[in-house]
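The values are calculated or read from the model by the stated rules, or taken from the named source; none is laboratory data. For clarity, every value in this text was computed on a predicted model and none was experimentally measured. Cβ sites come from the backbone with ideal geometry, for glycine too, and all protein chains shown count toward neighbours. We work out accessible area using only protein heavy atoms, side chains counted, and drop any ligands, DNA or RNA first. Shrake-Rupley method; radii C 1.70, N 1.55, O 1.52, S 1.80 Å.
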Amino acid sequence: MLYEGGTFLEVVNSIWLFFQDQILGMKWLNGLIGNALSQLGLDIDSRLGGSIQFFLYDVIKITILLCLLIFFISYIQSYFPPERSKKILGRFHGIGANIISALLGTVTPFCSCSSIPLFIGFTSAGLPLGVTFSFLISSPMVDLGSLVLLMSIFGAKVAFAYVIVGLIIAVIGGTLIEKLHMEEYVEDFVKNASNVDISSPTLTKKDRVQYAKEQVIGTFKKVFPYILIGVGIGAIIHNWIPETWIESILGSNNPFGVILATLVGIPMYADIFGTIPVAEALLAKGAQLGTILSFMMAVTTLSLPSLIMLKKAVKPKLLTLFIAICTFGIIIVGYLFNIFSTIFI
């Protein structure tokens, strides 16, 4: 089918690129900020001017997307309180339960520390340990917010591939833990915790909107400092660190770049909103796509504070297995993305 000016697919592609660049990416905002800074006498082509433009643009863009996404996701999440989630997961068995658990993690808290209380609740409710670990892995690593933000910077192919491999890691990781029968390595207080199944009250649309608003305020207060830090680091990388340095450390010339990025990311604490500006700057400086995604996955899934919290709920052997599975999976994904990066970019 032909339309004036090109084929139907070309028209659809043009519309999508406009949506990706101008709606999600807000390229118009970058130009607006650049013009405003130029009017104020600042040279945006200089390091300082470029850093200020990058900082303002990314902070405003991510803040707008963050608030809209949290509201939307929280509204959806209001239909899946912990009690209902337990009932949903209880209906499935085998790998199907791991898949549903990983998918459920996409509409739950934005960081690993927030996911651990739910993990403990699910485990104490008697759900299979592998199922609860699939949730624990996917919840911070993959969510609807990460999908949209990744699309705004890296495009749809990278965003969907990131989400898919994240879910695969969650399902495989949970399945391995289930097959190894690690239940004895869960702390007694978790296994013996009383579980009172209280039905959630029926919420009206007004209640759900109010809940979503409260989640926006609460999550924004918690996340915004990490956005500022992440964008600040991104601005420094983007405008002050030589491209040759990034390429030599995280580029194709270093076969250990993925491993290095993963190990560097583990001790850090941030969420997807704080790591994306850093990832954006690294990509612009020549870092490989898989290396960048490994860094993001390590930061969001294996942050040191979340591991400290998890250590209270599981014994060292299970904690070590969890870290090993996630680390190995993240490294494998990084190398695969690097090998097939031409498909995505």
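Sub-6 Å Cβ pairs linking a first residue in the stretch 86-106 that is over 18 Å from Ile73 (Cα atoms) and touching a residue at least 60 places away in the same chain (Cβ under 8 Å) to a second residue that is of a type in the set (A, V, I, L, M) and buried (at least 17 other Cβ atoms within 10 Å of the Cβ), at least 6 apart or interchain, are Lys86/Ala125; Asn98/Val131; Asn98/Val171; Ile99/Val171, ordered by first then second residue. Looking only at the stretch 53-105, residues that are under 30 Å from Lys179 (Cα atoms) and hydroxyl-bearing (Ser, Thr, Tyr) come to 2 in all. Based on what the data block shows, is Ala298 under 14 Å from the mean Cα position of the chain (by Cα) and without any contact (Cβ under 8 Å) to a residue 40 or more places away in the chain? For Ala298, the condition - under 14 Å from the mean Cα position of the chain (by Cα) and without any contact (Cβ under 8 Å) to a residue 40 or more places away in the chain - is met. Could you check, for the stretch 294-302, whether at least one of its residues is surrounded by 15 or more Cβ atoms within 10 Å (Cβ to Cβ), modelled with pLDDT under 85, in contact with a helix residue (DSSP H, G or I) (Cβ under 6 Å, 6 or more places away or on another chain) and among the polar types (S, T, N, Q)? There is at least one residue in the stretch 294-302 that is surrounded by 15 or more Cβ atoms within 10 Å (Cβ to Cβ), modelled with pLDDT under 85, in contact with a helix residue (DSSP H, G or I) (Cβ under 6 Å, 6 or more places away or on another chain) and among the polar types (S, T, N, Q).
Are any residues in the stretch 255-295 in a helix (DSSP H, G or I), under 15 Å from the mean Cα position of the chain (by Cα) and over 21 Å from Gly155 (Cβ atoms), and if so, which ones? Thr262, Gly265, listed by residue number. Residue-level analysis places Phe54 among those that are buried (at least 16 other Cβ atoms within 10 Å of the Cβ), on the phi < 0 side of the Ramachandran plot and modelled with pLDDT of 80 or more.
Test Leu17 against the criterion of being modelled with pLDDT of 80 or more, over 18 Å from the mean Cα position of the chain (by Cα) and not small (Gly, Ala, Ser), and give yes or no. So Leu17 does not fit the description; no.
If you filter the stretch 112-128 down to residues that are closer than 17 Å to Gly94 by Cα and buried (at least 24 other Cβ atoms within 10 Å of the Cβ), you find that the one that is modelled with the highest pLDDT is Thr123.
Among residues of the stretch 147-159 that are within 14 Å of Phe337 (Cα to Cα), those with a Cβ under 8 angstrom from a residue that is among the aromatic types (Phe, Trp, Tyr) and surrounded by fewer than 19 Cβ atoms within 10 Å (Cβ to Cβ), sequence gap 6+ or separate chain, pair up as Phe154/Phe344; Lys157/Phe344; Val158/Phe344. Being hydrophobic (A, V, I, L, M, F, W, C), open to solvent by 70 Å² or more (accessible area, probe 1.4 Å) and modelled with pLDDT of 90 or more is true for just one of Ile172, Ile236, Ile198. Which residue is that? Step by step, each of Ile172, Ile236, Ile198 is checked, and only Ile172 is hydrophobic (A, V, I, L, M, F, W, C), open to solvent by 70 Å² or more (accessible area, probe 1.4 Å) and modelled with pLDDT of 90 or more. Taking (1) assigned to a helix (DSSP H, G or I); (2) in contact (Cβ under 8 Å) with a residue 60 or more places away in the chain; (3) open to solvent by 20 Å² or more (accessible area, probe 1.4 Å) in turn, Ile229 satisfies each apart from (2).
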